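A.B. asks: Input: one structure, supplied below.
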Amino acid sequence: REGPGHTGSAMDAPSAAGLGGADPQLQRFIEVETQKQRFQQLVHQMTELCWEKCMDKPGPKLDSRAETCFVNCVERFIDTSQFILNRLEQTQKSKSAFSESLSD
């Protein structure tokens, strides 16, 4: 049996790295599947976090307080994820600029 964190996909990101000269169509398929897997993981994390934060007592429908909480939670999660991605991109750019200046 597989652990609870396993998504059931046989192709993980590391397996894509070992396909250096493989068919470009296959590489593209693996990239798309890897992106889908990452997206599903993000949605799972966001759902878990916001559910814990906003759901006091589950009932037949959401009250307005819980609904507002969920909307704010999801928006902040997206903002935070975007901020982190932008920061990583800037760090990557500054590292490559620094290494290029060293090689001159």
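The values are calculated or read from the model by the stated rules, or taken from the named source; none is laboratory data. What you are looking at is a predicted structure, and each value in this text was computed from that prediction instead of being measured. Glycine gets a Cβ as well: all are built from the backbone with ideal geometry, and neighbour counts include every protein chain shown. Note: accessible area is taken over every heavy atom of the protein model, side chains too, but ligands, DNA and RNA are not part of it. Shrake-Rupley method; radii C 1.70, N 1.55, O 1.52, S 1.80 Å.
A.B. asks: Points 7 angstrom from Cα along the Cβ direction at LEU49 and GLN27: gap in nanometres?
C.D. replies: Here the modelled spin labels are 3.3 nm apart.
A.B. asks: I've got another one for you. On the protein heavy atoms, probe 1.4 angstrom, tell me the percent of accessible surface of segment 26-102 carried by carbon and sulfur.
C.D. replies: C and S atoms contribute 59 percent here.
A.B. asks: Hey, another quick one. Counting only heavy atoms of protein chains, what accessible area per residue, in Å², does segment 26-102 have with a probe of 1.4 Å?
C.D. replies: 85
A.B. asks: Rounded to a whole number, what is D in µm²/s for segment 26-102 from Stokes-Einstein with the Kirkwood radius over alpha-carbon pairs (20 °C, 1.002 mPa s)?
C.D. replies: 139
A.B. asks: Whole-Hz ³J(HN,Hα) for each residue in segment 31-46, computed from phi via Karplus 6.51 cos²θ - 1.76 cosθ + 1.60 with θ = phi - 60°, x for glycine and proline: what do you get?
C.D. replies: 4, 5, 5, 5, 5, 4, 5, 4, 4, 4, 5, 4, 4, 4, 4, 5
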